Protein chains: 2
Amino acid sequence: MKLSDRVLQEEDIGKMRRTHYSSEINSDLHDNEAIIMGWVSSIRDHGNMQFVTITDRYGDIQVVAKRKECTEELFNQIQQLKEHASVAIRGKVKSQVKAPNGTEVIPLELRVFSMAKKTAPFMIQSKTSIGIDTRLNLRAVDLRRNFLKSIFRIRNTALKAAREFLSEHGFIEVNTPKMIATATEGGAALFPIFYYDREAFLAQSPQLYKEQLTMAFENVFEIGPIFRAEPSRTNRHLSEAISIDVEQAFVDYNDIMRLLEKMIIFTVDSIKETNKNELEYLNLQLPNLELPFPKYSYSNIVSKLHEAQEHIRWGDDLSPQIIKNLQNNRTDAFYFITDWPTSIKPFYVKTKGEKDEMMCESFDLMYGSLEISSGSTRINRKNDLLKRMKKQGLNVDAFDYHLRVFDYGVPPHAGFGLGLERLLMAITKCDNIRDVTLYPRDIDRLTP
Amino acid sequence: MKLSDRVLQEEDIGKMRRTHYSSEINSDLHDNEAIIMGWVSSIRDHGNMQFVTITDRYGDIQVVAKRKECTEELFNQIQQLKEHASVAIRGKVKSQVKAPNGTEVIPLELRVFSMAKKTAPFMIQSKTSIGIDTRLNLRAVDLRRNFLKSIFRIRNTALKAAREFLSEHGFIEVNTPKMIATATEGGAALFPIFYYDREAFLAQSPQLYKEQLTMAFENVFEIGPIFRAEPSRTNRHLSEAISIDVEQAFVDYNDIMRLLEKMIIFTVDSIKETNKNELEYLNLQLPNLELPFPKYSYSNIVSKLHEAQEHIRWGDDLSPQIIKNLQNNRTDAFYFITDWPTSIKPFYVKTKGEKDEMMCESFDLMYGSLEISSGSTRINRKNDLLKRMKKQGLNVDAFDYHLRVFDYGVPPHAGFGLGLERLLMAITKCDNIRDVTLYPRDIDRLTP
C-alpha cells in the first residue's frame, strides 16, 4: 500500500475526545498538547507548509504543518485534506503573533472521521453567496457559513428571550394539537391530512386552543409550528412557520400591546448583549427601542393614504405595497396599526362595542411594511361569538367542540400571534424569509 | 325590570383591572379594598350568608356576603352565581382566622363577565373524577381541576428545566419541518398530507434534520410535535406527542447516556424545587436520583428472561409486558437497556463495529416498563448508511436530499429522542398518557 492510499482511511471517533474548543486555545496553552475537532473550512498549500483552518461551533483555529517538522505520513495526509472534511487534530499549541487568534496548532496526529467527497457549489467564507435554491438544496452545508450560523445563533437568543420574558410575566408554556378537525379562521389556506379514516387539517394557528386555556391557566403561551397553504411566491411567506402565541385573561388589547412591545424590547436587548460577535459579523447595529411604540389607527392610516392620493376605501386591507408608499420614513421602525375594520378580522375578534361594531379591538405590529404580529381582544361570550360566526358564513356546528366551553364562564381575554421568522427578518435585515429559516417550506419546496 | 333580571347581565371588563391575585390577599391588607378576578369554584348558600370561592391562577379566595352588610341588589346577584362563572369582585379584605387563608373578602361590587350556563358533568374539587372521555370532551373545563392544573404546572417546569439544562450544555434550539417528503424510519405509521399538488407526510421525528444540523452547530436540540399514526389503543401512545430531541457531534452513545441521565436529574430536581405545592397536592414524593442510572445490556435482559422461563429469542423486541414480568422490583426507577440488536433499530443507528454488526450502539431509557427515550450513536459515513438502508429495504433514491450532505464531512454524532408525556407519566405517576396531555390525539379522538 502506498502512503497516500492510507491517507483517506476514515476512522471512528472511538475513545478520542476533544480537549479544547477553538475559543479555549490561547497563548496560556503555549507548548501544551490539545485535541481539537471540527471541520476543515480552508486550506492553503504553500509547498513545504500547509495552513489548515479547523472550524468548530465556537470559531476557528489555524493548524500549521511544516514538512520539516512533520512525519512524511502526516504531512502527506494533511496535504490531501479537503474543505468540509470532519477531523480531529492532536497537536502542540504555539503562540504566534501572526496567527488569527495569536496562537496556532502544530499537528502531531490527524484523524479523519469523514472525508469531503465533493466540492461545495458555494464559498463558505463569503457573506454574499449564490442563488438561494442552490444553497437550500444543500442546506446543512450552507449553514456552515458564518453568515447563517450568526443568524441562527441570534434566533436561539430570540427564542430564549421570549420564553424568559413570558415566564417572568406569569405565562405558562403549553402545546396544543397541530392536527385539527376544522379550520380556525374559516376555510382558506389549510393543508388537509388523512387522519386514520377521516379528513383533518394542519392547524394554521393555536388560536381557539389557547383561548380555551385561559379558562384554567389565565396566561398561556405556545411557541410552535403553524401551517398555511400559501399559494403565493413571496419573500415573506412560508408554508410552515414558527409562531409565538400568547393569550391572557382579564385584559384587553391595550394591555397586550404593552406586553408585546416590552417583549420585543427585551428580545432585542438580549440579542445585543448575547450576540455581540454575530452582530459585528453581520454588520448590524440594533436600534435602541423606546416605549411606547407609535400607534396609528387604521382610519388614520387610510386618511393619510387619501392625502397621498392612494386609491383605498375604508374597509380594504392594507397591502405591504401601499404601506411602503406611505411609510417611506419609517422603513426600519416598529409601530402598531390599531382598530381595524371588523369585516377583515377573524370571527373571534371583539368589536369596539355596540355603537361601533364596524371597528374592532385589534392591532397589527408592523416593522416598516412587514407585519410581525397580529392581536386583539377576543370575544368571550357564546352569543356574540355565534352572531359573528354566522355573519362570516362559518359552519357553527363544526365548531361545537369549541363553542361548548363557552357555557362555563370563559374570562375576558386578549392575545397575539407573532411570526418568529418575520421578527428575525426585522432584526437581521434579511429580505428573504428563507434565509432566517433552517429548512424553509413553500409551494415549490418540500425538501430537504 | 326586576332586580333579579338585572343580575345576569354580563359585562365587559372595560377599564376595570385586578388589583391583587389570590396569593397576594393576606392580613396585611386588612380593611383595604381589593379587586379580585377569577372564576367561581364553589358556592355555599347559608340563607343569610353566602360563601363564594373565587379561583385565579394562583389559588383561591373566600368571599363572604352577609345579607345585613350588602345592598339587596348585590346579595341577590351573589345568590344567583353559578360555579364556573367568570367574575370580578371589588371588596374589603378582612382578617379571619377561620377562613382558609386567614383572610376573606367582603364584597362591595360584583361584575359578571361570563355566566355559567350549564352544570359541569364532573366535580371541580375532586382528585378522582369520572371517565376520561367525558372529561376530554370538555377539556378546558376539566383543566380547571387542581389535579390537572398541578400536572401542567409541573409540565411547564419540566420544559423550562430541559431547555435550561441543554442551553447550559451548549446546545442551540432549532426547529425543523414537520411536513416532509419521505418517511424517516421507513414507511410505517405516517400521516399523509396533501402538500399543494403532491403527497407528503407528517414527520414522525426530526431525526434526519437534527443529524444534518450537527454539521454546522454540533449541539442542537428541538422540542416540538411528532406525529405517529398509531393504530393501537393503549394508555401510553398518542398520535401527536411532544418530543425532546437532542443531537451532539463528536461523541458516542455513552456520552449521550451521561447527558440524558443528568438532564433527567436536573429536571426532577427543578420540579422538586419549583412545584412544592403541586407535589403536595398530588401527594407525590419525587425520588432522589443518583448517577449513574443502572445499565443492562439487551443480551443480559434476554438471559434474565430465559432464567425466568420467558419465551423470547435474541433479536426479538422487548414488550412492556415481558419487561413488567422481569422488572417487578424496579417499577419506579429509571434504567438503561443498551446494545440492542441492529435488526430492530432504525437504519441510521451505528453498529458496535465490524466484528459485531449484530449489535448496535443504542439505548432505551426505561422507567419500569415504560420507554421514556431512545438514543444511539449514528452512522456518519455515506457508504455505511447506504449499506444499511439497502439491507432494511428502504428506497435510497427517496433519501437523496438527506444522503447528499454526507459528501461534505458529517461529524461523528449521537443523540436521543425523549417523549415528554412519557417522562411526565413517570414523574406524576399518571397511568394514562392522556392525563398529562392538554388535548390528546389518538385513533378515536380528533377534538377538541
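Here are a few things to note about the model shown:
- Filter result for B:THR176 (assigned to a loop (DSSP other than H, G, I, E, B), in contact with a helix residue (DSSP H, G or I) (Cβ under 7 Å, 6 or more places away or on another chain) and either within 11 Å of chain A (Cβ to nearest Cβ) or under 23 Å from A:ALA200 (Cα atoms) (or both)): yes
- Matching option when the condition is crowded, with 19+ Cβ neighbours inside 10 Å and either more than 9 Å from chain B (Cβ to nearest Cβ) or within 19 Å of the chain's Cα centre (by Cα) (or both), among A:LEU166, A:LEU108: A:LEU166
- Checked against the criterion of being within 10 Å of chain A (Cβ to nearest Cβ), of a type in the set (Lys, Arg), buried (at least 23 other Cβ atoms within 10 Å of the Cβ) and in a loop (DSSP other than H, G, I, E, B), the stretch B:378-385 contains not a single residue that satisfies it.
- For the stretch B:316-368, the tally of residues that are touching a strand residue (DSSP E or B) at 6+ places or on another chain (Cβ under 6 Å) and under 16 Å from B:ALA426 (Cβ atoms) stands at 8.
- Residue tally, condition surrounded by fewer than 20 Cβ atoms within 10 Å (Cβ to Cβ), more than 10 Å from chain B (Cβ to nearest Cβ) and not β-branched (Val, Ile, Thr), over the stretch A:245-270: 5
- When B:ILE180, B:ILE242 are screened for being buried (at least 24 other Cβ atoms within 10 Å of the Cβ), over 18 Å from B:THR377 (Cβ atoms) and touching a strand residue (DSSP E or B) at 6+ places or on another chain (Cβ under 9 Å), only B:ILE180 passes.
- A single member of B:PHE334, B:PHE293 is touching a residue at least 24 places away in the same chain (Cβ under 8 Å), over 30 Å from B:GLY59 (Cβ atoms), surrounded by 15 or more Cβ atoms within 10 Å (Cβ to Cβ) and under 19 Å from the mean Cα position of the chain (by Cα), and it is B:PHE334.
- From A:PHE406, A:PHE399, residue being within 11 Å of chain B (Cβ to nearest Cβ), more than 30 Å from A:ILE271 (Cβ to Cβ), modelled with pLDDT under 95 and buried (at least 20 other Cβ atoms within 10 Å of the Cβ): A:PHE399
- Note on the stretch B:186-256: enclosed strands (runs of 3 or more DSSP E) holding 1 or more residues that are within 19 Å of A:ILE242 (Cα to Cα) and within 24 Å of the chain's Cα centre (by Cα) are B:198-202, B:219-227, B:240-249.
- Unmet criterion (only one of (1) at pLDDT below 95; (2) buried (at least 24 other Cβ atoms within 10 Å of the Cβ); (3) among the hydroxyl-bearing types (Ser, Thr, Tyr)) for A:SER232: (2)
- Residues in the stretch B:431-448 that are away from chain A (no Cβ under 11 Å), surrounded by fewer than 19 Cβ atoms within 10 Å (Cβ to Cβ) and touching a helix residue (DSSP H, G or I) at 6+ places or on another chain (Cβ under 7 Å): B:ASN432 only.
- Unique match (being among the charged types (D, E, K, R), within 14 Å of chain A (Cβ to nearest Cβ) and free of Cβ contacts under 8 Å to residues at least 40 places away in the same chain) among B:GLU280, B:GLU273, B:GLU354: B:GLU354
- Looking across the stretch B:400-438, the residues that are touching a residue at least 60 places away in the same chain (Cβ under 8 Å) and among the acidic types (Asp, Glu) come down to B:GLU421, B:ASP431, B:ASP435.
- Every condition in (1) under 17 Å from B:MET123 (Cα atoms); (2) within 14 Å of chain A (Cβ to nearest Cβ) holds for B:ARG44 except the one numbered (2).
The values are calculated or read from the model by the stated rules, or taken from the named source; none is laboratory data. Quantities reported herein were computed from a predicted structural model and do not represent experimental measurements. Glycine also receives a Cβ, built like all others from the backbone with ideal geometry; neighbour counts cover every protein chain displayed.
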